[in-house]
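Novice: Structure provided below as structure tokens; questions to follow.
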Amino acid sequence: MNERIGNRGPITPVILNIIIINLIFFIAKFVFGMSGNLDLDKFLGLHFPLNNKFKVWQIITHMFMHADVFHIFLNMLSLWMFGTVLEKVWGAKRFLIFYFVTGIGAAFCYLGYEYFSYLQAIASADLFIQHPSANAFITFLQKNHLQATDDILSQVSIWKSNPNNVQLIDSFKSIVADYKLNLADSSRFAAPMIGASGAVYGVLLGYGYLFPNSIIYFQFFIPIKAKYLVLIYAGIELFSTWQNSAGDNIAHVAHLGGMLFGFILIYYWNKKNRTTFY
């Protein structure tokens, strides 16, 4: 994205320092990774709180971890493009507060959504255990985006032809009970959330709020007003969250959370000091 506004100028101090810190973490990730001593994504990325890898500092440190060069490049480019203007308008202190509030707010929204998903998975497991059947097991797999092995599917077919088979009933109840017991540490909740995207989406919201009619060149050549770009991105993230596609490894809820907390904070500042705020 590119934007047409004349007062961006050189990079501001807070933006510069955030970019430098992110680059340091990014380099350290690969240095430690190549040496085999430490996986910083697992140590500093944000894990589900019931997962045994969760640490409280991850609520902040996940904001400085990135998956690859493309990931960090897009986040830091967007931060520079929109954050520089906001830092000039608000000053360093207020912008830094805004950045961390939106990033941490995004993290809490993500964790809330993950906990809701966890409770749904537990409920679907309990429902199957209480009312086991071959069709109920298939429904359980579909709800939780699980892939069964050929052997399991073969047993399901046998169960369908003999629904009162006590041995199969007990076997499948045991499978689901084990899934429920180890759910928090399963692959579904094991992957950490990393990246500054939540805070960056908050910064984008802040820019669109303060400069709604400024022209941004989406994909570098499509002119669009900032307020419409914010709405488009919010709509994409809402749709992606609702769709909840299997294999989607993007934390769309965190993006929405950054926008939400950005809006709340700006609205609060605006109400508190209308004479000096935009």
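Novice: Determine the per residue accessible area of the chain with all protein chains present and a 1.4 angstrom probe, expressed in square angstrom.
Specialist: About 53 Å² of surface per residue is accessible.
Novice: For all pairs of alpha-carbon atoms in the stretch 48-183, what percent lies in each bin of width 5 Å, listed from the first bin to the last filled one?
Specialist: 2, 8, 13, 14, 11, 9, 9, 8, 8, 7, 5, 3, 2, 1, 0
Novice: Which whole DSSP H helices in the chain pass both tests: a Cα extent of 20 Å or more along the axis and a mean Kyte-Doolittle value no lower than -1.0?
Specialist: Going by DSSP H runs, the hits are 13-35, 92-130, 166-181, 226-243, 252-272.
Novice: Would you mind giving the average projected area, over all directions, of the Cα convex hull of the stretch 85-164 in nm² with one decimal?
Specialist: Numbers: hull surface 31.0 nm².
Hull-based average projected area comes out at 7.7 nm².
Novice: Cut-off under 23 Å on the C-alpha distance; same-chain residues fewer than 8 positions from LYS55 excluded. Which lysines are left, in chain and number order?
Specialist: Output for LYS55: LYS29, LYS42, LYS180.
Novice: Let me ask something else about it. Cα centroids of the stretch 186-240 and the stretch 37-99: how far apart, whole angstrom?
Specialist: Going from one Cα centre to the other spans 15 Å.
Novice: Taking only the alpha carbons of the stretch 185-238, what extent do you get along each of the three principal axes, in Å, biggest first?
Specialist: 46, 21, 18
Novice: Cα convex hull of the stretch 147-203: how many Å³ per residue?
Specialist: 122 Å³
Novice: Follow-up question, since we're still on this one. Excluding same-chain residues fewer than 8 positions from LYS173, which lysines have a Cα within less than 21 Å of its Cα?
Specialist: Straight-line reach from LYS173, under 21 Å: LYS143, LYS160.
Novice: Does the stretch 66-124 classify as rounded, prolate or oblate by the C-alpha gyration tensor (a ≥ b ≥ c root eigenvalues; a/c under 1.5 gives rounded; else a/b over b/c gives prolate, otherwise oblate)?
Specialist: Working: a/c = 4.78, a/b = 1.90, b/c = 2.52.
Oblate.
Novice: Related question: For the stretch 117-265, what is the per residue volume of the convex hull drawn over the alpha-carbon atoms, in cubic angstrom?
Specialist: So the per-residue Cα hull volume is 139 Å³.
Novice: Separate question: Just add up the charged neighbours of LEU119: K/R +1, D/E -1, any other residue whose Cβ is under 12 Å from the Cβ of LEU119.
Specialist: Values: positive: LYS180; negative: GLU114, ASP126.
Once positives and negatives cancel, what remains is -1.
Novice: If you don't mind, another one. Using +1 on the beta carbon of Lys and Arg, -1 on that of Asp and Glu, and nothing else charged, what's the dipole of the chain about the Cα centre, debye to 20?
Specialist: 1220 debye
Novice: Round to a whole number: what % of the accessible area of the chain belongs to carbon and sulfur, probe 1.4 Å?
Specialist: 64 percent
Novice: Compute the Cα gyration tensor for the chain, then decide on rounded, prolate or oblate, letting a ≥ b ≥ c be the square roots of its eigenvalues: rounded whenever a/c is under 1.5, prolate when a/b is larger than b/c in the other cases, and oblate in all that remain.
Specialist: Prolate, since a/c reaches 1.5 and a/b exceeds b/c.
Novice: With every protein chain left in place, what is the accessible area of LEU16 in Å² (1.4 Å probe, nearest 10)?
Specialist: Ignoring ligands and nucleic acids, LEU16 comes out at about 70 Å².
Novice: I've got another one for you. Once you keep just the Cα pairs under 8 angstrom separated by 6 or more residues, what percentage relative contact order results for the stretch 135-236?
Specialist: RCO, the stretch 135-236: 13 percent.
The values are calculated or read from the model by the stated rules, or taken from the named source; none is laboratory data. Computed from a predicted structure; not experimentally measured. Backbone-built Cβ (ideal geometry, glycine too); neighbour counts: all protein chains shown. All accessible areas refer to the heavy atoms of the entire protein, side chains included, with ligands and DNA or RNA removed. Shrake-Rupley method; radii C 1.70, N 1.55, O 1.52, S 1.80 Å.
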